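Quick notes on the structure that follows.
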Amino acid sequence: KIFDGAVEGSKFAAAEIARLIRDKQSKNENCVLGLATGSTPKSLYVELVRMHKEEGLSFKNVISFNLDEYYPLEKDAWQSYNNYMHRHLFDHIDIDKKNINLPNGELPKEEIKKHCAEYEKKIEEAGGIDLQVLGIGNNGHIGFNEPGSSIYSKTRLINLENSTRLANAYEFANISEVPRLAITMGISTILKAKRIILLAWGPSKSEVIQRSVEGAVSESVPASLLQQHSDCTFIVDHVAASDL
Ligand code: GLP
């Protein structure tokens, strides 16, 4: 779906999410959301916070699972995705704090495998992800699943490409401070979501959007693997759609 800009696209995405949350509320069910970070979903979170404050949208029945987190990084570090999510969304809505789940970037390395397996299990026990929000990296990554990530991959520790570290360096004092590793949900974790929406805005995303939507399904462009999902929508602005 192509919109004039990020604000319009985000409003559409927020309305879809709100509809799902309210539909689940009317059935007394939880709504399990997979959430993303980066600059792209900021306008989505602005709109969701507005809907909470002005339209009474409640998040009491929402259980959230974030896609990824840098490793190692303290939860309270400004650059952590934990901190980002609280700043942009959780601190401004009525979500129950015990329903918030993010990969933990603070654990010792020997505990990561167990933590990742538990994260997968928690998603399953919550009933699976009803709607997963995604952004996209310039190299086609989703979450932090870098090119080459297997379609069968689950939540795990991954090496970040230097291009990814460079793209995200603006959040850190300099590139050497950007962690070399991250914990990310896997491609199979993402593809198990019942519904997926991927957001992309601006000129830097046009080439990778074209490759993901019209190119071959290939692990070398992780977002192209979404072509195999039965309910996935790309929500983009005109500029990000310009190579289609
Ligand atoms: C980051 C995140 C991704 C995000 C992507 C794009 O590295 N791990 O989840 O989609 O890169 O970031 P941005 O939205 O800032 O372009």
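So for the stretch 140-151 (the condition being touching a Pro at 6+ places or on another chain (Cβ under 8 Å) and at positive phi), does at least one residue qualify? Checking the stretch 140-151: at least one residue is touching a Pro at 6+ places or on another chain (Cβ under 8 Å) and at positive phi.
I need the full set of residues from the stretch 199-229 which are among the basic types (Lys, Arg) and away from the ligand (no atom under 12 Å from the Cβ), in order please. Before you say what the answer is, go through the steps one by one.
The first filter runs over the stretch 199-229 and keeps only residues among the basic types (Lys, Arg), leaving 205, 211.
Across the stretch 199-229, the qualifying residue is only Arg211.
Examine the stretch 154-176 for a residue that is modelled with pLDDT of 95 or more, of a type in the set (D, E, K, R) and more than 19 Å from Glu69 (Cα to Cα), and state whether such a residue exists. No, the stretch 154-176 contains no residue that is modelled with pLDDT of 95 or more, of a type in the set (D, E, K, R) and more than 19 Å from Glu69 (Cα to Cα). Of all residues in the stretch 118-153, exactly one satisfies the criterion of being charged (D, E, K, R), away from the ligand (no atom under 16 Å from the Cβ) and under 15 Å from the mean Cα position of the chain (by Cα), namely Asp130.
Here the condition is being touching a Ser or Thr at 6+ places or on another chain (Cβ under 8 Å), of a type in the set (A, V, I, L, M, F, W, C) and under 19 Å from Pro179 (Cβ atoms); of Leu73, Leu102, Leu107, it holds for Leu73 alone.
A single member of Ala173, Ala193 is part of a loop (DSSP other than H, G, I, E, B) and more than 29 Å from Ala18 (Cβ to Cβ), and it is Ala173.
The selection criterion, being touching a residue at least 24 places away in the same chain (Cβ under 8 Å) and part of a helix (DSSP H, G or I), holds for Ser204.
Going through Ile196, Ile183, Ile175 one at a time, which residue ends up being within 12 Å of the ligand (Cβ to nearest atom) and of a type in the set (Val, Ile, Thr)? Talk me through it step by step, then tell me what you get.
Details: Ile196 fails: within 12 Å of the ligand (Cβ to nearest atom); Ile175 fails: within 12 Å of the ligand (Cβ to nearest atom).
None of the other options fit; the residue is Ile183.
Of all residue pairs spaced 6 or more apart or on separate chains, those with beta-carbon atoms under 8 Å, a first member in the stretch 32-58 that is in contact (Cβ under 8 Å) with a residue 24 or more places away in the chain and a second member that is of a type in the set (S, T, N, Q) and surrounded by fewer than 20 Cβ atoms within 10 Å (Cβ to Cβ) are His52/Ser58; Ser58/Gln25.
The values are calculated or read from the model by the stated rules, or taken from the named source; none is laboratory data. Everything quoted here is computed from the prediction, not taken from an experiment. Quick reminder, even Gly has a Cβ in these numbers, built from the backbone with ideal geometry, and neighbours come from all protein chains shown.
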